[in-house]
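Novice: One structure is given below, represented as structure tokens, and several questions about it will come after.
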Amino acid sequence: MKLRTFLSIVGVISILFGVGFVIVPVEMLAQYGVAADRSIILMSRFFGTALIQIGLLFWLARSIIDSVGRAAIVLSGLISMVIGFLVALQGELSGVINALGWSTVVLYALFALGFAYFQFAPRRPAGM
């Protein structure tokens with residue numbers, strides 16, 4: 001898979017989840033067995049906003065050919081996805097979220113592995 005394709009996939013999935021958390025936070029949280037009060041709804045919308053920003057960044061960065069820019073995007077993606085994986089795993093193992101939370105753990109793990117591949121694989125020509 002090319003980096004362009006990978007960034008497109010991560011971008012679209014991030015944007016879709018982000019839009020869900022901004023527009024219908026109660027329904028999104030209910031899928032994970034999380035009851036939402038006003039404070040949780042507000043924080044979920046902030047989370048959704050951050051996901052939209054991250055998704056747009058990856059989507060717009062998919063065409064970057066500058067090697068320094070690509071390296072920065074890949075490293076930041078790797079670090080954030082590893083942290084996200086650890087947070088999602090802790091949430092699942094502690095029982096804060098229901099079994100659907102494993103899908104979040106898997107998504108973060110797959111994205112982290114993808115970014116790790118592009119971080120540590122031999123460099124490709126500028127065309128990605």
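The values are calculated or read from the model by the stated rules, or taken from the named source; none is laboratory data. These numbers were taken from a predicted model, which means no experiment stands behind them. In this analysis, Cβ positions are derived from the backbone assuming ideal geometry, glycine residues included, and neighbour counts consider all displayed protein chains. Surface accessibility is based on the protein's heavy atoms, side chains included, excluding ligands, DNA and RNA. Shrake-Rupley method; radii C 1.70, N 1.55, O 1.52, S 1.80 Å.
Novice: Per 10 Å bin from zero, what fraction in whole % of the C-alpha pairs of the chain is there, up to the bin with the longest pair?
Specialist: For the chain, the pair-distance distribution reads 13, 41, 30, 13, 3, 0.
Novice: Could you work out how far helix 101-120 tilts from the main Cα principal axis of the chain, as a 0 to 90 degree angle to the nearest 10?
Specialist: 20 degrees
Novice: Would you tally the net charge around SER44, using a Cβ to Cβ cut-off of less than 14 Å, leaving SER44 out, and scoring K and R as +1, D and E as -1? Please report the intermediate quantities before stating the final value.
Specialist: Values: positive: ARG38, ARG45; negative: GLU27, ASP37.
Residues close to SER44 contribute a combined charge of 0.
Novice: On a 0 to 90 degree scale, rounded to 10, what angle separates helix 38-61 from the longest Cα axis of the chain?
Specialist: 10 degrees
Novice: Note the angle between two axes, namely the Cα long axis of helix 3-23 and the longest principal axis of the Cα atoms of the chain, as a number of degrees from 0 to 90, rounded to the nearest 10.
Specialist: 20 degrees
Novice: Another one. State, to one decimal in nm, how far the label point of SER80 lies from the label point of THR5, with both points 7 Å from Cα in the Cβ direction.
Specialist: 2.3 nm
Novice: Quick one: if the Förster radius is 35 Å, what FRET efficiency do ARG123 and VAL12 give, using the C-beta to C-beta distance and rounding to 0.05? List each step's numbers first, then the result.
Specialist: Values: r = 26 Å, r/R0 = 0.73.
The computed FRET efficiency comes out at 0.85.
Novice: What order do you get for 88-98, 41-51, 104-114 when each peptide is scored by the mean count of other beta carbon atoms within 10 Å, highest first? Intermediate results must be reported in sequence, preceding the final value.
Specialist: Details: 88-98: 13.8, 41-51: 15.5, 104-114: 17.9.
Highest-to-lowest ranking by the protection proxy: 104-114, 41-51, 88-98.
Novice: Right, another one. If I compute solvent accessible area with a 1.4 Å probe over the protein chains, what percent of it on the chain is carbon and sulfur?
Specialist: Values: 5650 of 7540 Å².
It is 75 percent, rounded to a whole number.
Novice: On to the next question. Accessible area per residue of the chain at 1.4 Å probe, in Å²?
Specialist: On the way: 7540 Å² over 128 residues.
Here the per-residue accessible area is 59 Å².
Novice: Related question: Between LEU93 and ARG45, how high is the FRET efficiency from 1/(1 + (r/R0)^6) when r is the Cβ-Cβ distance and R₀ = 25 Å? Nearest 0.05. Intermediate values should be presented prior to the final figure.
Specialist: Numbers: r = 26 Å, r/R0 = 1.05.
FRET efficiency, LEU93 to ARG45: 0.45.
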